[in-house]
Each structure stands twice: as C-alpha cells, then as structure tokens.
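Notes follow once the structure below has been shown.
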Amino acid sequence: MLRRYGRVATLLALLVVQVPLIAVSLVMLVLSVALGMVFLFPPQVRMVRRVAELNRRLIRSWTGLAIEAPYLPKPPPPVPQADGFYRHDRTLYKTPRIPAWNDRWKWLITDPATWRDDCWLLLDPLMKLTLAPVFLLLPAQGLRLYALWSDLLLGATANSRLANQVTHLRRTRNLATDSQAAEMRRIERDLHDGTQARLVAIGMTLGAVEQLVDQDPSAAKALLAKAREASSETLTELRRVIRGIHPPVLAERGLGDAVRALGMDSPLKVSVDVDLPNRPDAPVEAAAYFAVSELLSNAARHGEARTAAVDISSREADLRITVTDDGMGGADPTKGSGLAGIERRLAAFDGVLALNSPPGGPTTVTMHLPKVLPQHWASDLPKLPRHKMVIVGLLWATAWCPTFPQGFVAAIFKLIDFDEKTWFLALHLPEPWQWPTITAMIALGLTMHIMAIRIPAVHNRERWMIEATPTKPWCP
Amino acid sequence: MNVLIAEDLYLLRDGLVHLLQAHGFTVVGAVDSGPELLKGLLELRPDVSIVDVRLPPTFTDEGLQAALAARKSVPGLPILVLSQHVEQLYARELLADGSGGIGYLLKDRVFNAEQFVDAVRRVAEGGTAMDPEVIAKLLASNARREPLAALTPREREVLEAMAEGRSNAAISQRLYLSESAVAKHTANIFAKLGLAPSDDDNRRVLAVLAYLQSRA
C-alpha cells in the first residue's frame, strides 16, 4: 500500500519537471515555427521524448503494461554520390552534416508520434489532477487508469509498428542477400581454383597421351594412370565443395540424420536428440545444419571439449536447437566471425542465438527460429468456441425450414394457385401479406445458411492471419 | 556369378555392365529405380548386387533403403552399395545386422577395375568391402581414445586395411609384409582391443567394425 502511494507521489512529483517543460517547449516551438529558428526543434523533441520514455518505463515496472515506443525508425545516414558529394533535394554538400541534419529534422517533424508526445505532455498534468481523487482513495486502480491513459497517447500505432517491421525486414533481407552473395563467391572461388584447374590439368595430360600413344605406349600408359589419379582427386575436391553447398546427407535424410552424421564425423563424442514431427523447409534445414556444424567444429577447435550434446526440438511452429559442450567456455561472439556468421544466417528467418559460455565452461548455445516449421492447418487450428459451434449447428438444423417449405415451396404453391394450404404459414395470412411473408422467409433462410458458412470461415481466417504475421499490427 | 545392377545414370550403368561381363560375371538385371531394385533383389536373388544410393523416383536414399529392406527379408543377401559420398551413418546402418556380405564404396573406386572386381567378389562370398574413406572417418572419430591410441603406426595400417575387409594375404601384399608378420600384427591388435581372436577372415572384420562403431 505504502509503495503504491510512493508511486503516486512520484507521478505527482514529476509534475515539477513537466510543467516547466511545457513552458519551455511552447517557447521553443513558437520560436522554431514563427521565427524560423528550426535548430530549436530537435532539442525540444529530444527533451519530450526523454520524459515520455521515462513515463513508459515507470508504467512498465509498476503495472506491467508494456507501452511500445511509437517512433518511426531513424533515417539512414546520407550516402555520398559517386563524385563524393552529398545530395539533398537539388543542393550538393561537401560534408554529410547538413543533409543528415535535414533528414533528421524531417524525420522528427513528420513523425505523428512527435505531436502525440506533445499532446500527452500538455494534457498529462490535467489528467493527473483529474485522477488525484482516485489516486488517493484507490491507488492501484488509479495507477492502472493512468497507465491506460498513457498508452493511449504514448503507445505504438499500427502505422509505426508496420514502419518498424518494414525496416526490420529490409535489414534482414539485406543480410540474407549479402550472405548468399558471399556464399556464391566462395563456391565460385572453390570451383575456379580447385575443380576447374584440375580438369584443365587432366585435359592437358590426355592431350599428351594422344601424341605419345603411337611412339611410346608405355609412357602414354603412365600418363593415363596419372590422369585417372587426377580425376579421382578432382572428385574428392568436388565432394568437399558440394558438402559446403548442401551436404548430400541433408538432402537425402533431412536435418535429424544429417546432424547425426555430423556428430559421427566430429572428433567429439556427440549425442544427438532430434524431435521433429515433420521436415522443415530446405532453407531452414540448411541454416540449422550449418549452424550446428559450425558450433561443433568451434567446440572441437577452441573449447577443448570432449563431449557435446545437440538437441533439436519443436514447439508448434518454432524450431529450437541447443548445442552444449563441456569445453573451456569463455566463447566471445565479438572475436572471430563464426558466431556472427551463424547469426547472419539465422537472421533471415528472424532467428536468434543465445550464447552462455562462462569461463571454465560449459558452453551452451541456444538457437530459436520462430514460425519456420510446416504445420498441418487442419489439426492445428483451434476449434470453434463452444457457443459458436452450437449456433452453427442450430443454423444448419433449422435454416432449411424458412428457405424451402415456408419460402420456395409456398411461392410455387401460390404461383400455381394450389388450393391446399397445409402448414405453409404465408398461405394462411390475408392476401396482401402473403408475398411479403414468402420473400421474408426466403431471405431469412438464405441469411441463416450464409451465417452457418461464414462463422467458421471467419474464425479460420482470423487464426490464419495471426499465424501468418510475425507481429500483429492490428491487435495491440 | 549373377549380378544385379541398380544405377540411374545410363553411362555408368552401361560401363558397369561391360566391366563386370568382361570379368566373367553374368548380369541378370540392370534397373534404374528404387521400386524396381527391391523387386529385382527379392525375385532374382542375385549372387551379388551393385546398388547406387541415390535413385529415382525421389532421388534421396532410395537405393540404400531398398538394400536394407531386402536384407531384412533375406538376411545376408550380398549387396555392394556405391555412392558419390560416404557417410559413417550409412555404413553403420548397412553393418547393423552384423551378417556380412556387404560393401560400401565411393563411385570413384570403379576407376580401378581390378580392385573393384575384387571387392565385388569379396562381397559375393559373404565378406565386406568398406571404402578407405569410411574407415578413415571411423578411426578419426576414435583416434583420441584409448586403447586405439596404444596401437603402433604399423598396427594402425593393418587395422585400416582389415577394416576395409581385406584378408591377411591381401594385407601382406598391400603393406609389403610377410603373411606371418600380418598375422602377428592382427593378433596384437585383437589383444589390445580386447577382442576374441578368430581364424575366419570375415568374422574378424565384422568384429573390428563392430568394435569401431561401438566406440564412437
């Protein structure tokens, strides 16, 4: 209780900062807009953002409501043209300072979050005063209400989430294409320096054999043996290259057996535990395979490990891989590019890598790839809630009644002037009501049919949308 | 001696047929897909079959699976598996039933016709023919451990040759040793590894392979 009052007191004490900040902000805004002193604008925004961020942090630690920052991603640093100048609109600059400043200023002024922050700053004291009675009587509920109010103006919007997601996707795409290009270059180099050169040598040897074969058959025979040996070496070389592109055992058996094969070839004693209901897509398999391969060879090379354990498991559509070794520990991702390379590879799948390597060991690396496994939609889709199922059942059970007997059949009876009224409701009514009733019955019946089809379909689509999107901009 | 060949590349299949015919084998069938292979193995019961690991229709390990399935219903059916790459994993699966009559070689080994035909004969007689590369991998993953580390370099060479499936006579030829010297080395190896000695070549090889596998 006392702590809650302490928090309320802190919130109210913050007013001492906020009120002068409002005054200063107003002056700075007026100066920058009315007098063109635009250099005052960014510092003002920075100040307000700092206070807003403080507020978000306090609310998260007090009420557990995580308010996501709504700011648009920063503009990238200006890139010089071929002639070394920096271009901004139609002006060229020698240094990046002014274009960078221009970008920054534009970024701040066009971000709606800037203005929402200002709005919050202006209204926040009023809100705090309004809530003061609640704060005093029911501090917990008061804090909760205050958190909701802050979320209203300080929280992320669908637009800001999408913008941040686009930035993230662009970055991971760049990483993926970069690492792919690097792979291609490496393969090209391997083929060029190794296989191709060896084939040239074999061709030359065969040419020499062609010349020698009549004059000196025994020398020709010796050369042929050499050519055969060289072709054998070429094959060995080629096998190594292929293993680096896509290991055959991975193509033939999938991730589980490929990792088992890795474990057998490793100088460490490796235990492999794989629990995957179905095979991941080929790119995911390859990324996971090369990650495990790199980790095992790291453990053997640097860690002085004797045993290692690989655990591959899935939870719904997420793939989780843990590699543990009993080596020296103290692995540092900033030294050497092995771990960084794995991270780059995983980034293409939004995968993350967590390293735990205290000095003295053991080293544990956990990789987590969200939503990469194929799922069987039919079995994985959650069932309709019971009340909806009951409604759908009732609709199917009764929809036929208004549509057919009371609707179409009655209409036909009426059209052919059949005398029998039986239980057709419309035919028992006075003449002017008959047609409207029949039409209404048909409309009601068709609507019921449509609803019976639509309710499950909408449910499935909602579920699908949630599954298909990594973060869900439309439902905060 | 009747041979069945399963290989999807026409050139290689044809080459194998000619090579084996030239060495006095009778080719009773040459198939190019996994289901056909399994049918052929079970119906023709050839004295030895030469099988490519990767075959249509899925181009995964169709050939290997067919070989394993056939040996399950006909234990000890002699099969020599050829592949573009060798994996300890596959070698273990082939050797798992411990009944011999099995071979696992890289396709390159076909280049040396004499040795290849020798390997085919060995498998047909119920022996084993393991690719030196598989043996090297098996030994490498055991290298740091006792008691393999206690072997002398010469004994290691003998062990390697033996694990490939060669008889004492063949080992003595390859390493330029007398046959009695080879016999002495093998006795030492068996003593160091704690295996029961045996005069039967094939049984001996299987014991060594089982030993190497159990360690890794």
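Throughout, read-outs are computed from the coordinates displayed, never taken from laboratory work. Predicted, not measured: the structure shown is a model, and the values here were computed from it. With ideal geometry, Cβ positions are generated from the backbone for all residues, glycine too; neighbour counts draw on all protein chains shown.
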Notebook entry, point to check: On full extension of the chain, what length is gained from A:Val19 through A:Glu304, given 0.36 nm per residue of separation minus the C-alpha to C-alpha distance?
Noted result: 96.5 nm
Next item on the list: List, in order, the whole-Hz ³J(HN,Hα) value for each residue of region B:22-27 obtained from phi through the Karplus relation with A = 6.51, B = -1.76, C = 1.60 and θ = phi - 60°; use x for Gly and Pro.
Entry: 5, 9, x, 8, 9, 7
Check: Taking Cα pairs under 8 Å and at least six residues apart, what relative contact order does chain A come out at, in percent?
Finding: 9 percent
Next item on the list: Would you mind getting me the FRET efficiency between A:His88 and A:Ser232? Use the beta-carbon distance for r and R0 = 45 Å, nearest 0.05.
Entry: 0.15
Checklist line | Rounded tilt (10° steps) of B:132-142 against the dominant C-alpha axis of chain B | finding: 50 degrees
Check: If you project the alpha carbons of chain B onto their three principal axes, what span does each projection cover, largest first, in Å?
Finding: 47, 33, 27
Checklist line | Approximate spin-label separation B:Asn188-A:Gln141, in nm, with each point projected 7 Å along Cα-to-Cβ | finding: 9.1 nm
Check: Whose amide H sits under 5 Å from the amide H of B:Met130, counting only residues 5 or more places off or on another chain, with H placed in the peptide plane?
Finding: B:Tyr104, B:Gly165
Next item on the list: Measure nothing but the geometry: give the 0 to 90° angle between the long axis through the Cα atoms of B:113-124 and the longest principal axis through the Cα atoms of chain B, rounded to 10°.
Entry: 90 degrees
Notebook entry, point to check: Quick one: Karplus J couplings for region B:91-96, per residue in order, coefficients 6.51, -1.76, 1.60, θ = phi - 60°, nearest Hz, x for Gly and Pro?
Noted result: 4, 4, 5, 5, 8, 4
Checklist line | Pairwise label distance in nanometres, A:Gln215 with A:Leu123, each label 7 Å out on the Cα-Cβ vector | finding: 9.9 nm
Next item on the list: Let me know the shape class of region B:2-130, please: from the alpha-carbon gyration tensor, a ≥ b ≥ c as square roots of the eigenvalues, rounded when a/c is under 1.5, otherwise prolate if a/b is greater than b/c, or oblate.
Entry: rounded
Notebook entry, point to check: Near the amide H of B:Val31, under 5 Å away, which other amide H atoms are found, from residues 5 or more places off or on another chain, if H is placed in the peptide plane?
Noted result: B:Ile5, B:Ala6, B:Glu7
Checklist line | Prolate/oblate/rounded call for region A:1-86, Cα gyration tensor, a/c under 1.5 rounded | finding: oblate
Next item on the list: Could you pull out every residue, at least 5 positions away or on a different chain, whose amide H is within less than 5 Å of the one on A:Val270? Hs are placed 1.01 Å off N in the peptide plane, and Pro or chain starts have none.
Entry: A:Ala308
Note to self: Restricting to Cα atoms and excluding each atom paired with itself, what does the Kirkwood estimate give for region A:382-468 in Å?
What the structure shows: 14.7 Å
Next item on the list: In Å³ and rounded to a whole number, note down the convex hull volume per residue for the Cα atoms of region A:136-197.
Entry: 102 Å³
Check: How big is the Rg/Rh ratio for region B:135-215, C-alpha atoms only, Rh by Kirkwood, two decimals?
Finding: 0.92
Note to self: How large is the convex hull of the C-alpha atoms of region A:1-51 per residue, in Å³?
What the structure shows: 53 Å³
Checklist line | Descending semi-axes in Å of the protein assembly as shown, equivalent ellipsoid built from Cα gyration tensor | finding: 69, 43, 28
Check: What FRET efficiency would be calculated for the residue pair A:Ser297, A:Gln180, taking the C-beta separation as r and a Förster radius of 30 Å, to the nearest 0.05?
Finding: 0.90
Next item on the list: Please report how far the C-alpha centroid of region A:155-207 lies from that of region B:38-109, rounded to the nearest whole angstrom.
Entry: 37 Å
Next item on the list: Once you have the Kirkwood Rh of region A:254-369 from its Cα pairs, apply Stokes-Einstein at 4 °C and 1.567 mPa s and quote D in µm²/s.
Entry: 93 µm²/s
Check: Given the convex hull over the Cα atoms of region A:182-245, what projected area results after averaging over all orientations, in nm²?
Finding: 4.0 nm²
Next item on the list: Within region B:114-134, find all residues whose amide N lies under 14 Å from a label point positioned 7 Å from the Cα of B:Ser99 along Cα-to-beta-carbon.
Entry: B:126-127
Next item on the list: Please work out the FRET efficiency for the pair A:Trp396 and A:Thr422, using the Cβ-Cβ distance as r and a Förster radius of 35 Å; give the result to the nearest 0.05.
Entry: 0.90
Margin query: Explain nothing, just compute: Karplus ³J(HN,Hα) = 6.51 cos²θ - 1.76 cosθ + 1.60, θ = phi - 60°, for every residue of region A:205-215 in order, whole Hz, x for Gly and Pro.
Written below: 4, 5, x, 5, 4, 4, 6, 7, 4, 7, 7
Checklist line | Other protein chain Cβ atoms within 10 Å, averaged over every residue that makes up B:47-56 | finding: 1
Item checked: Tensor-based shape of region A:76-182 (alpha-carbon gyration tensor, a/c under 1.5 rounded, otherwise prolate or oblate) -> oblate
Note to self: Tell me the mean residue ellipticity at 222 nm calculated for chain A from its helices only (DSSP H runs of n ≥ 4, each -39500 (n - 2.57), averaged over every residue, nearest 500).
What the structure shows: -22000 deg cm²/dmol
Notebook entry, point to check: Roughly what angle does helix A:217-245 make with the longest principal axis of chain A, taking Cα atoms, 0 to 90 degrees, to the nearest 10?
Noted result: 20 degrees
